[in-house]
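Everything below concerns the one structure shown next.
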Amino acid sequence: MAGGVRPLRGLRALCRVLLFLPQFCILSGGESTEIPPYVMKCPSNGLCSRLPADCIDCTTNFSCIYGKPVTFDCAVKPSVTCVDQDFKSQKNFIINMTCRFCWQLPETDYECTNSTSCMTVSCPRQRYPANCTVRDHIHCLGNRTFPKMLYCNWTGGYKWSTALALSITLGGFGADRFYLGQWREGLGKLFSFGGLGIWTLIDVLLIGVGYVGPADGSLYI
């Protein structure tokens, strides 16, 4: 009989705990302890005016004059702590910036995706659609991610100096064309002895001025 009473008492105690948990959540405000993802970008106890844009909310004015200095009222997001110039904690502050949209920033203020499928050496120069994202500590108006048409500007690791040296020394055997990945032209020079020297001289000039480049369309290093 006593053995059957003990499990019953344990069950009653468990029920009391389960009934108490919802009340505890209500009394504590039901707040979650989950840390927002943007907090990882926000330095703790740093200057509020230097926080990344993802850490603050600002009241922007899109009617400001382009290129002119402007100030905006900002507040830190929840779970973010920062200080002023006197190292005192603050929640509201102002930032100074230049009135311009994010897509109007100089190229050094944002990062864009690269394309390795377009020809960098072509006439006219080719462009490719890229997605650009503003750097964390740069403030601007509008969307921080935007599309932009950029000139093809990538390299496959080919050196201009190596190509020119091969063209001068072994150009008659097509070594310069083989190095650049142009094996058809390389075979043509090989079996024609560099076009009896004429093709060799022309390639030296074309590679020297950068007109002839790698077959994959990339730029020289």
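The values are calculated or read from the model by the stated rules, or taken from the named source; none is laboratory data. Computed from a prediction, not measured in an experiment: that's the story for all the values here. Ideal geometry is used to build each Cβ from the backbone, glycine not excepted, and the neighbour counts take in all protein chains shown. Keep in mind that these areas ignore ligands, DNA and RNA; they rest on the heavy atoms of the full protein, side chains included. Shrake-Rupley method; radii C 1.70, N 1.55, O 1.52, S 1.80 Å.
Things worth noting here:
- Between amide H atoms placed 1.01 Å from N, distances below 5 Å from Tyr110 occur with Arg135, all of them 5 or more places distant or on a separate chain.
- Exposure rank, largest accessible area first [Arg135, Arg50; 1.4 Å]: Arg50, Arg135
- Per residue, the convex hull around the alpha carbon atoms of the stretch 160-209 comes to 51 Å³.
- Cα centroid separation - the stretch 85-122 against the stretch 30-83, whole Å: 15
- Computed on the stretch 160-209, with alpha-carbon pairs under 8 angstrom and 6+ residues apart, the relative contact order is 39 percent.
- Carbon and sulfur %, accessible surface of the stretch 110-151 computed with the full protein complex present, 1.4 Å: 52
- Annotation: aspartates and glutamates with alpha-carbon distance below 13 angstrom to Lys189 (same-chain offsets under eight excluded): Asp176, Asp203.
- Proximal lysines relative to Lys41, as straight alpha-carbon distance under 23 Å, when same-chain residues fewer than 8 apart are discounted: Lys77, Lys88, Lys91
- Using a cutoff of 8 angstrom between alpha carbon atoms and counting only pairs six or more residues apart, the relative contact order for the stretch 94-195 works out to 21 percent.
- 3J(HN,Hα) couplings calculated from phi for the stretch 216-221 with the Karplus curve 6.51 cos²θ - 1.76 cosθ + 1.60 (θ = phi - 60°) are, in sequence order, 7, x, 8, 8, 5, 6 Hz; Gly and Pro show x.
- Residue-normalised accessible area of the stretch 110-151, expressed per residue, 1.4 Å probe, Å²: 65
- Among Thr116, Thr60, the order of accessible area from largest down is Thr116, Thr60, computed with a 1.4 Å probe on protein heavy atoms.
- Cross-link reach list, aspartates and glutamates versus Lys68, counting only Cα pairs under 20 Å and skipping chain neighbours closer than eight places: Glu107, Asp109
- Cβ charges +1 (Lys, Arg) and -1 (Asp, Glu), total dipole of the stretch 62-221, debye: 260
- Computed from backbone phi with θ = phi - 60° and the Karplus coefficients 6.51, -1.76 and 1.60, the 3J(HN,Hα) list for the stretch 161-175 is 5, 5, 4, 5, 4, 5, 5, 6, 8, 10, x, x, 9, x, 4 Hz; x is used for glycine and proline.
- The value of relative contact order for the stretch 40-99, using C-alpha pairs under 8 Å at least six residues apart, is 40 percent.
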